[in-house]
Amino acid sequence: MRIGPVAVAHPITLAPMEEHTSFPFRIVCKQLGASLVCGERVDACDVARRDRRALKLLHTAPTERPSVGQISGNDPQVMVDAARVVAEQGFSIVDLNFECPIRRLIGRGEGGALMADPSAIARLVEAVVRAVDIPVTIKIRSGPDAERETAVEIAQLAEQAGAAAVDVHARSVAQSYVGGPDWSVVARVKQAVRIPVLGSGGVREAVDAVRFLKETGADGVAIGRGCLGNPWIFQQARSLVTGGAMIAPPNISERARILLQLVAGEFDFYGNHLALRRLPRVACYFAKALPDFAAFRTAVQKIKNEHEFKRLVREHFVA
Ligand SMILES: Cc1cc2nc3c(=O)[nH]c(=O)nc-3n(C[C@H](O)[C@H](O)[C@H](O)COP(=O)(O)O)c2cc1C
C-alpha cells in the first residue's frame, strides 16, 4: 500500500491509543512487525503553541518510519499550524482525528463531534493538505450514532479535498469502545473511494486481522487493544497475510525480554516519575497470563525505580 508517496510494506498496522502508544511502545511494535505506527491524538491547540507535553507526545525518530502523528481540533488555522509542527517533528504522515468519543472533545465540537458535519471535515482536510508536504489522512468512525452513517460521505469528501488515506474505526461515536464493531462499514467505504482504506475494531488475535482484511477488502488493518501486552500479534498477523505459517506465541523469556526493553525505553523517555505512573498498567497487560498475576499486580504498584521494576519482571517472568 502507498499513502501518497509513503510506502507501507504490508497491511498490519498499529492503531493510535492514548496512554499506550508511546514512542517506546511504537518502537517495540515496529520491531515485532507493524508496518505503520501511529502516535496518540494530541490537541491541535497545544501542538500549535508548542506546549512541552504536546511536543513530547509528538516525538518520533527515523527508526519508527513510516510513522503517523495525530492531531484533533476544529479550527482550520490551528489545525494547519499543528500539522506543520507534526511535519517538522519528522512524522511521515499527519492524521486528523474525527473519531474521539471523549466528552470533553465532543463538547468542544472536535473529534467525533465532527462525524455529524461532513463539510466541516472537508474544509479542515483541504486547509491542512494545502499547508503541508506530507500526506494527510483521516481517522473516522461509522457515524455519530447507529442511526446516522456518515463514513462513506466523509471519506468521499476527504478524498476530493486531498486526503491520502482514510482509517475507519468500525463503531459509531456513540458506541465509544463498547459493543461489537460492524466491519461492513469499512467495506462500504472501501467501495466508495480510490485512496487506501484502513480499518480497526475488534481485532484481538492474528486470525481476526486476516478475516478483517478479507471481509472488508481494506488495504490495511489497525490493531488496537489486541496488541496491549501482546505486540507479537503484529508478526503473527504479518506472517498469515503474507502467506506464511502461524507463528507460535512467545515463550516466557521472550515476553520478559520485550517487557524489559519497554521498561528501559519508558524510563529513558519519560524519566522516573512519569514512567512509574504509566508502566504498572502496561506491565499488567504483559503479566495477565502469569499464574501469580495477582501478586505481580500488587507488587508492581510499590516499585520505586527502574532497577526494582526490572528485578520484579525477572522474578515473575520465569519458566
Ligand atoms: C485506550 C484507547 C485509546 C485510544 N486512543 C485513540 C487515539 O488517541 N486516537 C485514535 O484515533 N484512536 C484511539 N483509539 C481507538 C483505536 O485507535 C482503535 O480504532 C480502536 O481501539 C479499535 O478497536 P479495538 O480496540 O476494538 O481493536 C483508542 C482506543 C483505546 C482502547
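The values are calculated or read from the model by the stated rules, or taken from the named source; none is laboratory data. Model, not experiment: these values are computed from the prediction. Note that we place each Cβ from the backbone using ideal geometry, even for glycine, and neighbour counts take in every protein chain shown.
Output yes when any residue across segment 79-88 is at pLDDT 95 or above, within 25 Å of residue 151 (Cβ to Cβ) and not in a helix (DSSP H, G or I), and no when none is. Within segment 79-88, not a single residue is at pLDDT 95 or above, within 25 Å of residue 151 (Cβ to Cβ) and not in a helix (DSSP H, G or I). Among the conditions (1) closer than 22 Å to residue 109 by Cβ; (2) within 15 Å of the ligand (Cβ to nearest atom), residue 197 misses just one, which is (1). Residues in segment 207-233 that are hydrophobic (A, V, I, L, M, F, W, C), away from the ligand (no atom under 13 Å from the Cβ) and within 23 Å of residue 290 (Cα to Cα): 232 alone. Residue 74 falls short on exactly one of the conditions (1) under 22 Å from residue 265 (Cα atoms); (2) among the polar types (S, T, N, Q); (3) away from the ligand (no atom under 13 Å from the Cβ), and that condition is (1). Put simply, of 158, 165, 116 the only residue that is surrounded by fewer than 20 Cβ atoms within 10 Å (Cβ to Cβ) and closer than 26 Å to residue 182 by Cα is 116.
Checked across segment 95-104, the condition of being surrounded by 24 or more Cβ atoms within 10 Å (Cβ to Cβ) and out of contact with any helix residue (DSSP H, G or I) (no Cβ under 8 Å at 6 or more places or on another chain) holds for at least one residue. The criterion of at least 1 residues that are over 26 Å from the mean Cα position of the chain (by Cα) is met by the following helices (runs of 4 or more DSSP H) wholly inside segment 210-319: 252-287, 293-300, 306-316. Of the residues making up segment 182-196, those that are of a type in the set (A, V, I, L, M, F, W, C) and touching a Ser or Thr at 6+ places or on another chain (Cβ under 8 Å) are 183, 185, 186, 187. Residues in segment 20-61 that are of a type in the set (D, E, K, R), away from the ligand (no atom under 16 Å from the Cβ) and part of a helix (DSSP H, G or I): 30, 52. In this structure, residue 304 does not qualify as within 26 Å of residue 202 (Cα to Cα) and in contact (Cβ under 8 Å) with a residue 24 or more places away in the chain.
Let's see how each residue does on (1) out of contact with any Lys or Arg (no Cβ under 9 Å at 6 or more places or on another chain); (2) modelled with pLDDT under 95; (3) among the small types (Gly, Ala, Ser):
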residue	(1), (2), (3)
216	no, no, no
220	yes, no, yes
234	no, no, no
243	yes, yes, yes
256	no, no, yes
264	no, no, yes
308	no, no, no
317	no, yes, no
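Would you confirm whether or not segment 149-163 contains a residue that is assigned to a loop (DSSP other than H, G, I, E, B) and within 16 Å of the ligand (Cβ to nearest atom)? Checked segment 149-163: at least one residue is assigned to a loop (DSSP other than H, G, I, E, B) and within 16 Å of the ligand (Cβ to nearest atom). Determine if segment 115-132 includes at least one residue that is within 16 Å of the ligand (Cβ to nearest atom) and in a loop (DSSP other than H, G, I, E, B). No, segment 115-132 contains no residue that is within 16 Å of the ligand (Cβ to nearest atom) and in a loop (DSSP other than H, G, I, E, B).
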